[in-house]
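Shown next, in structure tokens, is the structure this report addresses.
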2 protein chains.
Amino acid sequence: MGSIERREREREETRQLILNAALNLWMKDGFESVTIRNIADAIEYTPGAIYSYFKDKDEIFYALHFQAFEHFFDTLRSAALFGSPMERLKNIGEAYLKFAFENPQRYDLMFISATSGKKIAESDGWHVGEKAFDVLHATVKLAMDEGYIPKGDSKAASMMFWAHVHGIASLILRDRYIYSMETTKKLMKKGMDYMMSALAQKELA
Amino acid sequence: MGSIERREREREETRQLILNAALNLWMKDGFESVTIRNIADAIEYTPGAIYSYFKDKDEIFYALHFQAFEHFFDTLRSAALFGSPMERLKNIGEAYLKFAFENPQRYDLMFISATSGKKIAESDGWHVGEKAFDVLHATVKLAMDEGYIPKGDSKAASMMFWAHVHGIASLILRDRYIYSMETTKKLMKKGMDYMMSALAQKELA
DNA sequence: AAGATATTTTAAACGCTGTTCAACTTTCGA
DNA sequence: TCGAAAGTTGAACAGCGTTTAAAATATCTT
């Protein structure tokens, strides 16, 4: 009697249909076009039907936030694979920003939007965030242990890196810059190099 | 015939009444309570009347964003007044974060919210942001010129500082942390010290 | 195969939102 | 005092997220 399994599979497929429609609407017509009615139209359902798949609209964004992290893990992990610890740190930073600028909607859900943030605060622990942080933390620890950057609290140093790249991404994605966007991106990159070279232990450079 | 001046003054007072009501609603009952009807109720007007003072709701937030910067300038400037260049930099960072955590709604309008961001992108230049950046930039330049931090592109270095503190503030305000909020704040502060001491030129410490 | 049961979907409604606009009221200068 | 200008109102509009009884569909049991 595999019909129950098939039903579950179909439910999951419809859930995906809803999530894809929501993200497509956002990417194509902007955030304010992501309405329950538009999503329902896109998948040829009536608005009410969506509520048998998601408790409310915020849950749709929360689910998208998880989905977005899947992409992100791959990006981050493969950036941390090769090169010296110092190069790995630089790669992680660059991969992080590349992801943010190439997937602004996804980055928004993951790290900026208040609606996802509320659900995160309500849940017990932000495990996807933790998992991503661990990739960075492992690399920072490596760089510290092998003397590429000054020894200290590896968690605190990782937080510093994270805050830095997130600051760059979120200032630009939310249009908080003084020079043009391209100039700002270049200055931010230069600023990052400035910090990295200050951190690099001279005897190992 | 000063009556025209008095009328202008009254208009400005009503504008302020609206802005204060909007901010009070936000601080007291949360963002979703800031509706045109609630604002109108609070100042004993009808909703339509508000539209002779502001073109639309976003303009109210945009005006609040400017108003918030006034507070911010004082905070920032007085932090940059005393001590060695290195101490000034630390003071600016701490004042920045203090402002963000003590005025989360204002900080949101200034540096995070998409609604303010849209209006900023539409306008010609983000002059309030520039003005605040200049305070930081002047201090960074001072620290560079006097050899407290490595010489380099002072704008890029200032961007780096800004991105860093904004990253800390926005990750915490939007509930993107892994440990408890207090622990995260402490780790972030430690991370900032780590970076600052890496930047500090040893011969001058 | 037929009937009972569970699930899914619909259509309509509710209360809310931002916004507009003709009509009304108030204020003001001549 | 009159006429114009400015300010305010109240009703309406289209849209929103969400709920719910009823209808439709699919599944399980006999």
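The values are calculated or read from the model by the stated rules, or taken from the named source; none is laboratory data. Quantities reported herein were computed from a predicted structural model and do not represent experimental measurements. Note: ideal-geometry Cβ built from the backbone for every residue, glycine included; neighbour counts use all protein chains shown.
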Okay, helices (runs of 4 or more DSSP H) sitting entirely in the range A:107-205 with 1 or more residues that are crowded, with 18+ Cβ neighbours inside 10 Å and either on the phi > 0 side of the Ramachandran plot or out of contact with any Asp or Glu (no Cβ under 9 Å at 6 or more places or on another chain) (or both), I get A:127-145, A:154-173, A:181-199
Taking the range A:34-57 and the residues there that are surrounded by 15 or more Cβ atoms within 10 Å (Cβ to Cβ) and within 14 Å of chain B (Cβ to nearest Cβ), the one that is nearest to DNA strand C (Cβ to nearest atom) would be A:LYS57
Across (1) under 19 Å from B:MET192 (Cα atoms); (2) within 16 Å of DNA strand D (Cβ to nearest atom), B:ILE92 clears everything bar (2)
Being farther than 18 Å from A:GLU70 by Cα and over 11 Å from the mean Cα position of the chain (by Cα) narrows A:LEU136, A:LEU142 down to just A:LEU142
Exercise. Please verify whether the range B:12-30 includes one or more residues that are near DNA strand C (Cβ under 8 Å from one of its atoms) and among the basic types (Lys, Arg).
Key: no
When the range B:166-180 is checked residue by residue, the ones that are over 13 Å from A:ALA163 (Cβ atoms) and more than 7 Å from every other protein chain (Cβ to nearest Cβ) are B:TYR179, B:SER180
Considering the range A:7-51, residues that are in contact with a helix residue (DSSP H, G or I) (Cβ under 9 Å, 6 or more places away or on another chain) and not in a helix (DSSP H, G or I), and then whichever is nearest to A:PHE111 (Cα to Cα), we arrive at A:VAL34
For A:LYS98, indicate whether it is at pLDDT 95 or above, assigned by TED's automatic domain parsing to the domain that holds A:ILE168 and in contact with a Ser or Thr (Cβ under 8 Å, 6 or more places away or on another chain). yes
When every residue in the range B:133-165 that is free of Cβ contacts under 8 Å to residues at least 60 places away in the same chain and touching a Ser or Thr at 6+ places or on another chain (Cβ under 8 Å) is compared, the one farthest from the other protein chains (Cβ to nearest Cβ) is B:LYS141
Just one listed residue, out of B:GLU94, B:GLU70, B:GLU59, B:GLU87, is under 18 Å from A:ARG176 (Cα atoms), part of a helix (DSSP H, G or I) and without any contact (Cβ under 8 Å) to a residue 60 or more places away in the chain, and it is B:GLU70
Looking across the range B:52-76 at residues that are farther than 21 Å from B:PHE111 by Cβ and hydroxyl-bearing (Ser, Thr, Tyr), the single one that is farthest from DNA strand D (Cβ to nearest atom) is B:TYR53
